[in-house]
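The values are calculated or read from the model by the stated rules, or taken from the named source; none is laboratory data. Because the structure is a prediction, the values reported are computed rather than measured. Backbone-built Cβ (ideal geometry, glycine too); neighbour counts: all protein chains shown.
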Amino acid sequence: MTIRRSPRRRFAGCVGAVALGLSAAEPAMASDAAAEWSSRLEQNRPWQALNALGDAPERAQIAAQISVFLGRERPACTAPRAVDGAEYRDALEVVVRAARDTRVVMLNESHVRRAHRVFLGRLIEALHPLGFDALAAETFAPQAPTSLEDGVPDAATGFYTADPAFAAALRRAHALDWTFVPYEPEGPADREARESGQAEALARWLDAHPGRRLLVYAGGSHISKDPEAGWMAARFAARTGIVPLTVAQGATACAPRTEHDPGENDPGEAEPASVWPVDAAAPVVAMRDGAPLAPAHVDLVVMHPPAAVAAAEDALGAPVSLCVPPRADATLLRAFAEREDDRAIAHDQIVVPAGVETARLRLAPGRYRIAREDAAALDTLGHVSVPAENSASCLRIEAR
């Protein structure tokens, strides 16, 4: 039934880059444990990878990052403080206006917020008419361009790209004929080597492609232009003479609870919209006197109010309930495009608790292969056709 096979990836570079994001105070993960969970991710088994990590405190950060791939997002959420005289404008409009005269835009993310990856997809579409046609992303594997030649992100593409929301952004970029640019230095690297290596890789790509416009997607502080802090963006500007437009994704409301959310690691009830200075169905930028309000060393800060985070939930498609046979243990229900193999990133996936008989995925109209991943295997249950309009209480999976 499947028609594609992907090259085996070199996963160690991506894992090493992720490990650099962990606190220096945390003890290093045992090599056998790291090999276990990274091997499962290499096989596109995120549920097995998460279980292999266990609950050791030193692995909590990476476990939180993988949990987002499964639709489990429970970060602490804090509303931004109100600012006198501030007005709030649509973030995409503000970014596009600011990007008209720049060759490079750098956007960051929190690695535990799916709404940030949804915004990436929307920004790709918004920048395309300006002539932007290349995406460089943190932890793209060296073979990501080959992996994405067919427009299907898979286990060979990168680390954070295993999130269906990130994969959706890549599918859209491929449909627009964008180029994909890895920029992680290969091999083990400390912070100094990684920041300088990233900056140099981006500079070399731009040198080799004069006139091209590039969107760089990074995590956290990598987009800081503070020369004393020595992050990638500052090194890039010094190396190229190009001052990038840097867009940070800041305050972000809690994601809504899912139907069967077990509430693990829940910091408490999400803050109500009333405590935010603004609520909107799309991300916003705070402005005052016509200028964006942003901390030093970044140009813009995008905020995601409660309604915007709720709207981002629909980015993968409308909610669709599937009838599933109950299991004695929790499993991961995954929806692949009908003719994509098991290495492709699922269009959506969700943890189904023990004993549950319905599960809700978010899917665009089309036909999908439904698989279930448990601690030992990934088994195809059958296929389901998602109509443009669906009134069924739950769609039944057709036997293989």
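Every condition in (1) assigned to a loop (DSSP other than H, G, I, E, B); (2) surrounded by 23 or more Cβ atoms within 10 Å (Cβ to Cβ) holds for D101 except the one numbered (2). For segment 274-323, filtering for residues that are touching a residue at least 60 places away in the same chain (Cβ under 8 Å) and part of a strand (DSSP E or B) leaves 15. Residue-level check: of (1) under 13 Å from E138 (Cβ atoms); (2) in contact with a Pro (Cβ under 9 Å, 6 or more places away or on another chain); (3) modelled with pLDDT under 95, E184 misses just (3).
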